[in-house]
Every structure is written in structure tokens, then in C-alpha cells.
1. I want to confirm something. Restricting to the range 169-183 and keeping residues that are under 19 Å from residue 26 (Cβ atoms) and out of contact with any helix residue (DSSP H, G or I) (no Cβ under 6 Å at 6 or more places or on another chain), which single residue is surrounded by the most Cβ atoms within 10 Å (Cβ to Cβ)?
2. Could you grab the pairs with beta carbons closer than 8 Å, sequence gap of 6+ or different chains, first residue in the range 63-74 and within 11 Å of residue 39 (Cβ to Cβ), second one in a helix (DSSP H, G or I) and at pLDDT below 90?
3. What are the residues in the range 145-188 that are in a helix (DSSP H, G or I) and either touching a strand residue (DSSP E or B) at 6+ places or on another chain (Cβ under 7 Å) or over 23 Å from residue 20 (Cα atoms) (or both), if any?
4. Would you call residue 166 under 21 Å from residue 26 (Cα atoms), free of Cβ contacts under 8 Å to residues at least 12 places away in the same chain and touching a helix residue (DSSP H, G or I) at 6+ places or on another chain (Cβ under 6 Å)?
5. Using the structure shown, decide if residue 42 is crowded, with 17+ Cβ neighbours inside 10 Å, touching a helix residue (DSSP H, G or I) at 6+ places or on another chain (Cβ under 8 Å) and farther than 20 Å from residue 175 by Cα.
6. Being exposed (fewer than 13 other Cβ atoms within 10 Å of the Cβ) and over 15 Å from the mean Cα position of the chain (by Cα) is the filter; apply it to the range 141-167 and report the residue that is nearest to residue 15 (Cα to Cα).
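The values are calculated or read from the model by the stated rules, or taken from the named source; none is laboratory data. If you're wondering where the values come from, they're calculated on a predicted model, not measured in any experiment. Cβ sites come from the backbone with ideal geometry, for glycine too, and all protein chains shown count toward neighbours.
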């Protein structure tokens with residue numbers, strides 16, 4: 001019983017720490033240069049095979065920094081494109097929440113677009129780590145995830161919507177929701193890509 005409790009605490013701490021790192025990294029980059037690197041940094045954290053059995057804050061932080069550095073090294077100005085779109089969507093979302101009519105009309109389409117952008121970004125970064133395909137091919141696969149893996153896309157969107165709404169209602173929930181979202185969606189996409197033979201391992 002005690003072992004299960006301790007394992008649950010470990011999972012909570014890992015999700016909490018990864019969420020904090022993502023938020024800090026994204027905001028320090030003013031979103032436009034922070035969104036993609038910070039996302040890649042968190043995904044790098046979850047690549048550690050024994051993460052939930054044996055971890056340290058140092059190893060998590062090092063993995064995060066490695067992912068951030070890798071993003072700037074590999075993609076440079078290209079990382080600005082999804083980050084800029086995410087910034088625009090975030091600003092629009094904050095603006096429409098100030099007006100009841102605009103909120104009722106545009107809130108859900110905006111949230112769905114943010115979910116799609118998040119999934120495209122995660123999908124691309126996951127493929128880049130595992131396949132030898134060119135960047136252009138991985139971009140195309142990521143953009144067409146809803147068609148290539150509709151079930152996985154639908155589950156991931158539902159997860160995003162659930163976590164997003166709960167985070168709006170209970171702000172502290174975001175402190176674990178971000179890390180949990182990246183972890184679960186990464187697993188969903190990996191499993192789907194493997195079934196369809198899009199990745200080798």
C-alpha cells in the first residue's frame with residue numbers, strides 16, 4: 001500500500017515539475033520563442049525509460065534543457081511559426097473572454113484550434129525523434145494527424161478540452177495537467193504511429 005502511495009506521489013511530482021518547466025520556458029520566451037522549445041523539453045523528460053521508478057530533479061531539468069537546446073539548434077527560425085500562431089490564439093482567447101457574446105460565439109472554435117496546434121506540434125516533435133524522415137515529411141504527417149490517426153486525434157482532443165476546461169475552472173489543476181497531457185498524448189501518438197507503420201521502433 002505504501003509503495004503505491006509513494007509511486008502516486010512520484011507521478012504527481014513529475015507532472016507538477018514538468019508543468020512548471022513548460023510554463024516558465026514558454027513565458028520566458030514570450031510564447032513566440034518559448035512554446036515549441038519548451039514543449040520539446042517536456043517531451044524529452046518523458047523519454048527517460050525509468051522516469052517513474054527512479055528520478056531526480058537534476059535529471060529532469062537536464063532533460064528539459066537538452067530538449068530546449070535541441071529545438072533551437074535544429075529548427076532555428078522555423079520554431080517561430082507554430083509559436084506565433086499559438087501566441088495569436090492565446091491573445092484572441094483572452095480578448096473574447098472579456099465579452100459574453102464573443103465568448104459564446106468564438107470560445108470553442110478557438111479552444112479547438114489550440115488543441116489542433118498542440119497536437120500537430122507534439123506529433124511533429126515525436127516523429128522527429130524517432131524517424132529518419134525529412135522535416136518536410138514529418139510536418140505533412142503532423143498536419144494530417146486527424147486523417148492519419150483519427151481515433152488518436154479524437155482522444156487527444158478530448159483530453160485537451162477536459163484539461164483545458166478544468167484548468168480554467170481550477171487554476172491549480174494546470175500545475176499537473178500540462179505535464180500529464182504531454183505524457184499521455186505522446187504515448188497515444190507513439191502507439192498509433194507504430195500500428196500504422198509510420199515509425200520503426
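1. Step one: of the range 169-183, the residues under 19 Å from residue 26 (Cβ atoms) are 171-183.
From what is left, the residues that are out of contact with any helix residue (DSSP H, G or I) (no Cβ under 6 Å at 6 or more places or on another chain) are 171-172, 183.
On the way: 171: 9, 172: 8, 183: 20.
This residue is 183.
2. As it stands, the answer is 71/79, since those pairs meet every condition given.
3. Result: 145, 146, 147, 148, 150, 151, 152, 153, 154, 155.
4. So residue 166 passes the test.
5. No; evaluated as a whole, the condition is false for this residue.
6. The selected residue is 165.
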